[in-house]
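A short write-up of the structure that comes next.
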2 protein chains.
Amino acid sequence: MKKYKAGLFGLGVVGSGVYQSIKADGEFPVSIKKIAVKNPQKQRNFPVDKDIIYTDANDLLNDDTLDIIIELINDPHEAFEIVAKALRNGKFVVTANKKMISLYHQELLRIRKENEGVLLYEGAVCGSIPIIRLLDQQFSSDEIRTISTIANGTCNYILSQMSAQGWPYDKALQEAQKLGFAELDSYSDVSGEDTRFKLSILILHSFGIHVAAEDIPMIGIEQVSKEAIDFAKSIDAEIKLVGKAEWNKGKLTASVAPEFVGASEDFSQVHQEYNAVQVDAKYAGLQFFKGKGAGSWPTSSAVLSNLKDITKDICYQFPKSAQTISNLSSLVDTYYISGKESILNRLDFEKIVDQGKDYWIVKASLTALLKTIKEGATFTCIRLPENILKINANTGVLV
Amino acid sequence: MKKYKAGLFGLGVVGSGVYQSIKADGEFPVSIKKIAVKNPQKQRNFPVDKDIIYTDANDLLNDDTLDIIIELINDPHEAFEIVAKALRNGKFVVTANKKMISLYHQELLRIRKENEGVLLYEGAVCGSIPIIRLLDQQFSSDEIRTISTIANGTCNYILSQMSAQGWPYDKALQEAQKLGFAELDSYSDVSGEDTRFKLSILILHSFGIHVAAEDIPMIGIEQVSKEAIDFAKSIDAEIKLVGKAEWNKGKLTASVAPEFVGASEDFSQVHQEYNAVQVDAKYAGLQFFKGKGAGSWPTSSAVLSNLKDITKDICYQFPKSAQTISNLSSLVDTYYISGKESILNRLDFEKIVDQGKDYWIVKASLTALLKTIKEGATFTCIRLPENILKINANTGVLV
């Protein structure tokens, strides 16, 4: 059997996992011949042959003996340059860089096509969960109606701890940072941006639609209050940061927002660092996938599976025809709102559905609500899906 | 794009779903040119062109213009003859016949290899859940430790209703039969046999091991009593029929048995006709997949995805080297037992771990317990995993 030769960019959390697991498996059909790193002097807690360490990208990209480039660095723009050149130089490419894929997917697919190349990125969305593979193969002949995801382990850890320990948001974030679950610069995670990058990739593979991540309305978890956590408990729900997209009669709606999830729903069983994806398709019906969303080994497992794909001639087919839409349709939903009473006068909503001592439940579009937040108003805003409203109307907690 | 021509065997629940969904999708790359049925006079509630209906298998199998044979009949032995001849005649084959795959997999893989053929059967295990695809691709470079499944919708429906409605087993079974969820001959479903067929296929793809389904110890749900359902509620658990297999240091253990599943576990969210699979792998960690396990459209979705695979040159690679083992290792576990007091004297168990007013919790091997059942003894026997024992020891319900 042919042994493929690979060049690896990056020896961080995922890169080191990939390197070590390939080393540990003597029969793996890909071997890593060169590694490009920023800092060759860095101490690593596992043995790496110094002779294969390089600092110039071209030492890998222009090496005709390498079949595959594995891109596992952080910076999405540098990563794009590497991946684009690798594809142009006729190399198979595997990456786990969600930000790069999200920001550059149109350009990447063009370059891939022009060069008849192979570009795989299972690890970019929800770590170990094989969702891109499934959308590309299993669901290729089905019609996906909605796709929803808990795609950010940091947010999920923080929300899980706020609920389980009764901690306020700030303390939960600090604990997450202490334990290494959250980065010191937590903006991309807690704002919803990271989930938005992943959702845009899921939209591409689910519906064949290119949408810019920045066009997806989002609200993060920084505004989730202890009162909201208590309210969740009162309606037998948990709060999760959920990215969701729906394709219906030629209209795409998509959003990222914290959401109340009922105790009987699959998403309520997604705790700590786990991720999940739910797909609703015409023939298959409702499907649910859960697994570890980040970390060295789980993400490595996705990268390894893509490397194996290359040796078996499996590549993405993009079965749904690609189209670009400039405007997402506005999604009107029900939201739990709390804050100063005066906030109500500033909010752009359709109607008040219910209200309690210290909250209102309003029907509104997220885009309209976000305008107020951008204007500097602070309030708590959490999506309250209709099924939860209905369940709690039956028990008398909500109207 | 080449349009593949297919011959379809069987126009029952799944066959009619496949036929109709291909008809409805004008762009599907496979068209059905001939259909073989037992009874061509049968009234069907959808239009079928009479000219393409045949009763002689050879009209399809010997037709050189057909690229693909889709086998969707019930009888596993007839199905095997069809599939074997189709492979020998150089046709691609898609089937959803778990019993046929389980009974004949060694022979089928041999014929497939000799004829360099393609044989796909995603629909044979857990309907719409793409587990064979994932084991063959995503997990091909990972090391699976355990695989567990709720694979029989009928059992799951009966157990769900016994718990939700307080019905005894007999009534729940009758209701399931009335609604068409259970067949009039329910033996294969409720005895665990159906789950055992599926588990043997999962074992083949997870560990590369051929094991005869009949060698897997099993106990069904007929013996689940109302008292056991009540006991489940007292320990915040539900009873599910679970097939599970573990590969550890060269030893394979496997079994099918009703099991107490704690309220916080993923399997507890699998209700009614849903199926689920849990995989624990070295790198990916714990993964959970849930979807509809049977029915016309969900199983059709799996068949359609396999047809699309054929047009994209995707076939099973069987990445784990195949070996046959003659003996499964004996699995010692903890079981909840209830019945006449005298049963204890007849049971072959290691020790009593706990006991209540009307039950005992014993450590035993399922194989040893089954001997007593084969000798005609009747008692209730449900696996009680250690994690549930531990949780309930903390709350004082169990020691």
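Listed values, structure above:
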| item | result |
| --- | --- |
| Total residues in region B:33-82, condition closer than 26 Å to B:A294 by Cα and charged (D, E, K, R) | 9 |
| Residue check, B:L87 buried (at least 24 other Cβ atoms within 10 Å of the Cβ), assigned to a helix (DSSP H, G or I), out of contact with any Ser or Thr (no Cβ under 7 Å at 6 or more places or on another chain) and away from every other protein chain (no Cβ under 14 Å) | no |
| Top-ranked residue of region A:13-52 - restricted to ones that are farther than 24 Å from A:S305 by Cα and of a type outside the set (D, E, K, R), ranked as farthest from the other protein chains (Cβ to nearest Cβ) | A:Q41 |
| Helices (runs of 4 or more DSSP H) fully within region B:260-377 counting 1 or more residues that are away from every other protein chain (no Cβ under 14 Å) and surrounded by fewer than 16 Cβ atoms within 10 Å (Cβ to Cβ) | B:343-346, B:366-374 |
| Selection from region A:122-176 of residues that are of a type in the set (A, V, I, L, M, F, W, C), assigned to a loop (DSSP other than H, G, I, E, B) and surrounded by 24 or more Cβ atoms within 10 Å (Cβ to Cβ) | A:V125, A:C126, A:I129, A:A151 |
| Positions within region B:55-77 being among the acidic types (D, E), surrounded by fewer than 21 Cβ atoms within 10 Å (Cβ to Cβ) and either under 29 Å from the mean Cα position of the chain (by Cα) or at pLDDT below 95 (or both), in sequence order | B:D67, B:D75 |
| Test: residue in region B:193-200 that is touching a residue at least 60 places away in the same chain (Cβ under 8 Å), within 14 Å of chain A (Cβ to nearest Cβ) and part of a helix (DSSP H, G or I) | no |
| Hits in region A:117-147 (condition: away from every other protein chain (no Cβ under 14 Å), in contact with a strand residue (DSSP E or B) (Cβ under 6 Å, 6 or more places away or on another chain) and of a type in the set (G, A, S)) | none |
| Region B:1-56: number of residues that are in contact (Cβ under 8 Å) with a residue 24 or more places away in the chain, part of a helix (DSSP H, G or I) and touching a strand residue (DSSP E or B) at 6+ places or on another chain (Cβ under 8 Å) | 4 |
| Out of B:A228, B:A257, B:A237, B:A232, sole residue that is within 14 Å of the chain's Cα centre (by Cα), under 23 Å from B:K390 (Cβ atoms) and either among the small types (G, A, S) or within 8 Å of chain A (Cβ to nearest Cβ) (or both) | B:A257 |
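The values are calculated or read from the model by the stated rules, or taken from the named source; none is laboratory data. The structure displayed is predicted, hence computed values, not measured ones. Cβ sites come from the backbone with ideal geometry, for glycine too, and all protein chains shown count toward neighbours.
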